[in-house]
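Structure, as structure tokens:
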Amino acid sequence: MFDDRYTLAYRLYPYARHADQDKSAPVRHPVVVMGGGPVGVATALDLGAQGIPCVVLDDHEGVGMGSRAICFAKRSLEIADRYGAGKPMVEKGVVWNLGKVFHKDDKVFEFNLLPEEGHEFPAFINLQQPYFESFMIERLFEMQKDGAPVEIRGKNRVDSVTVKEDHVVLEVMTPDGPYTLEADWLIGCDGANSPLRTMLGHEFTGKVFKDSFLIADIKMINESFPTERWFWFEPSHGSGASTLLHKQPDDVWRVDFQIGWDVDRKEEMKEENIRRRLDAFLGEGVDYEMVWSSIYTFQCKRMERFRHGPVIFAGDAAHQVSPFGARGANSGMQDIDNLGWKLGLVINGQAPESLLDSYNIERVHGADENILNSTRATDFITPKSETSHIFRNAVLELSEHYEFARPLVNSGRLSLPCVYDGSPLNSADGLPHGPALSLIHI
Ligand SMILES: Cc1cc2nc3c(=O)[nH]c(=O)nc-3n(C[C@H](O)[C@H](O)[C@H](O)COP(=O)(O)OP(=O)(O)OC[C@H]3O[C@@H](n4cnc5c(N)ncnc54)[C@H](O)[C@@H]3O)c2cc1C
């Protein structure tokens with residue numbers, strides 16, 4: 001059903017004993033990345049492209065199965081392309097331009113993300129996260145073959161981290177037992193539940209949303225839909241308070257039902273109950289195969305600071321958003337695009353460490369912008385009071401006839417650049433824009 005890449009992705013980097021495990025004293029590396037998700041692997045690609053050694057430690061042996069993220073934005077594709085992994089993503093991905101918004105059974109409006117002139121990549125592609133990750137890991141292997149000092153170690157679980165003044169000490173568990181490593185810099189890319197954050201006692205604060213969503217990725221057998229994104233508010237099929245339908249590669253469709261907070265998850269996850277919702281939504285006689293399903297809830301949270309001395313957090317470990325707006329993996333890619341060159345200059349002695357503080361300031365700002373937009377989208381989809389509900393439906397009614405109301409439905413375009421107004425890298429007013437020279441010694 002899927003191409004081989006998807007099936008093999010589960011064990012892309014099987015455990016292999018490393019020479020570091022047999023050394024009598026811990027080996028020191030310039031950069032260790034904790035976590036081999038999309039953000040951790042992007043870190044290795046960014047540093048590898050600069051010739052900077054980087055070891056990624058992951059507690060699995062390949063990419064996570066099941067399509068968590070499916071929407072990847074133009075900016076992520078541009079960044080992946082800089083690493084040499086963007087083109088295969090676009091080739092495999094589904095390019096979509098047309099989005100349709102429905103309220104009950106009526107189409108309220110549609111929007112078109114037509115390719116912008118002069119842009120190499122489309123506004124969005126839909127691609128299962130395991131594919132997105134495996135294209136980057138394959139690129140890491142290619143870089144390795146070409147001599148870049150990067151590696152990923154499977155089944156290397158980081159169990160403890162001690163932060164010293166200018167380095168960190170990591171205890172790593174493997175199938176052959178534990179070993180110790182040291183790193184000048186540790187990049188924490190270990191996901192939303194970040195064990196690293198917990199080990200170091202950092203808080204992760206924000207808002208938990210009281211709603212659940214049931215995802216069913218299905219393969220259509222005798223039916224198809226256009227390559228468009230369709231979103232229903234209060235659909236009359238009654239399978240959820242909202243429903244999203246999106247096409248993915250390999251003829252797989254994502255259906256995402258909003259099913260409420262007080263649900264019996266075990267009961268909802270039974271195949272017959274998922275099929276009941278799907279049948280009500282798709283109509284009689286539509287044949288499909290179920291590929292993957294899950295129930296998710298979500299939160300919008302971030303760490304107060306992303307840099308703590310030699311430990312730097314990125315991706316979901318640093319900030320988490322709701323999936324609405326597709327700002328999770330996409331914003332993690334932007335973290336690394338921001339961090340990579342700065343860390344490179346610092347490691348090569350071409351910039352002082354303080355340059356890394358601008359990563360913290362800029363990406364905390366980026367995270368706040370993402371949290372704001374994703375919270376707005378979520379509040380719109382799941383109104384929290386009867387009054388909000390009335391206003392929400394009024395906006396939907398207005399947007400059917402009046403252009404001005406439509407941005408209130410589609411609350412933020414991900415591909416718009418983040419404006420780093422308060423960055424220490426900005427020059428003083430009146431001077432040409434660009435990095436303040438005192439910060440960068442090139
Ligand atoms: C339903 C759903 C839909 C989504 N849709 C989108 C979307 O369309 N677009 C989008 O951009 N984002 C989307 N996201 C969010 C996206 O999946 C995440 O933002 C993304 O996976 C974060 O990447 P990461 O590398 O930061 O963390 P993760 O992908 O969580 O990776 C963390 C890695 O760290 C490893 N790890 C953890 N602990 C340790 C340890 N102790 N030692 C070693 N390794 C460790 C884990 O095994 C994992 O490999 C969605 C999420 C969900 C749940």
Task: Subset of segment 304-328 (residues that are more than 9 Å from the ligand (Cβ to nearest atom), in a loop (DSSP other than H, G, I, E, B) and under 15 Å from Gly35 (Cβ atoms)) - done: Phe306
TODO: For segment 94-120, enumerate the residues that are under 16 Å from Lys74 (Cβ atoms) and modelled with pLDDT of 90 or more.
DONE: Val94, Val95
- [ ] Just need a number here: residues in segment 330-376 that are hydroxyl-bearing (Ser, Thr, Tyr) and under 22 Å from Tyr83 (Cα atoms).
- [x] 2
Open item on the list: Tell me yes or no: at least one residue of segment 186-196 is more than 23 Å from Val63 (Cα to Cα) and either touching a residue at least 60 places away in the same chain (Cβ under 8 Å) or out of contact with any His (no Cβ under 9 Å at 6 or more places or on another chain) (or both).
Closed with: no
Open item on the list: Looking only at residues that are in contact with a helix residue (DSSP H, G or I) (Cβ under 9 Å, 6 or more places away or on another chain), part of a strand (DSSP E or B) and hydrophobic (A, V, I, L, M, F, W, C) in segment 168-212, which one is surrounded by the fewest Cβ atoms within 10 Å (Cβ to Cβ)?
Closed with: Phe209
- [ ] Taking Met220 as meeting all but one of (1) touching a Phe, Trp or Tyr at 6+ places or on another chain (Cβ under 8 Å); (2) under 26 Å from Thr378 (Cβ atoms), write down the number of the exception.
- [x] (2)
- [ ] Go through segment 114-167 residue by residue and tally those that are among the hydrophobic types (A, V, I, L, M, F, W, C), part of a strand (DSSP E or B) and under 25 Å from Val311 (Cβ atoms).
- [x] 5
Open item on the list: When you check Thr162 against the structure, is it crowded, with 16+ Cβ neighbours inside 10 Å, more than 10 Å from the ligand (Cβ to nearest atom) and of a type in the set (S, T, N, Q), yes or no?
Closed with: no
Task: Failed item, numbered, when Arg276 is tested on (1) surrounded by fewer than 19 Cβ atoms within 10 Å (Cβ to Cβ); (2) in a strand (DSSP E or B) - done: (2)
Open item on the list: Please verify whether Met89 is under 19 Å from the mean Cα position of the chain (by Cα), at pLDDT 95 or above, away from the ligand (no atom under 12 Å from the Cβ) and among the hydrophobic types (A, V, I, L, M, F, W, C), treating the condition exactly as stated.
Closed with: yes
Open item on the list: Cβ contacts < 9 Å: first residue over 16 Å from Glu289 (Cα atoms), restricted to segment 251-269; second residue in a helix (DSSP H, G or I) and among the aromatic types (Phe, Trp, Tyr), any location; separation 6+ or different chain. Result?
Closed with: Phe257/Phe281
Task: Residue tally, condition within 13 Å of the ligand (Cβ to nearest atom) and without any contact (Cβ under 8 Å) to a residue 40 or more places away in the chain, over segment 197-219 - done: 2
Task: Qualifying positions in segment 38-66 - within 12 Å of the ligand (Cβ to nearest atom), farther than 15 Å from Phe141 by Cα and surrounded by fewer than 24 Cβ atoms within 10 Å (Cβ to Cβ) - done: Asp59, His60, Gly64, Met65, Gly66
TODO: Go through (1) under 23 Å from Cys300 (Cβ atoms); (2) touching a Leu at 6+ places or on another chain (Cβ under 9 Å) and name the single condition Leu244 misses.
DONE: (2)
TODO: Among residues belonging to segment 329-367 that are more than 20 Å from Asp190 (Cα to Cα), in contact (Cβ under 8 Å) with a residue 40 or more places away in the chain and charged (D, E, K, R), point out the one that is farthest from the ligand (Cβ to nearest atom).
DONE: Asp357
- [ ] Select from segment 68-85 the residues that are of a type in the set (Gly, Ala, Ser) and either touching a Lys or Arg at 6+ places or on another chain (Cβ under 7 Å) or surrounded by fewer than 23 Cβ atoms within 10 Å (Cβ to Cβ) (or both) and write down the one among them that is modelled with the lowest pLDDT.
- [x] Ala69
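The values are calculated or read from the model by the stated rules, or taken from the named source; none is laboratory data. Small disclaimer: the values here were computed from a predicted structure and weren't measured. Virtual Cβ from ideal backbone geometry, glycine too; neighbours counted across all protein chains shown.
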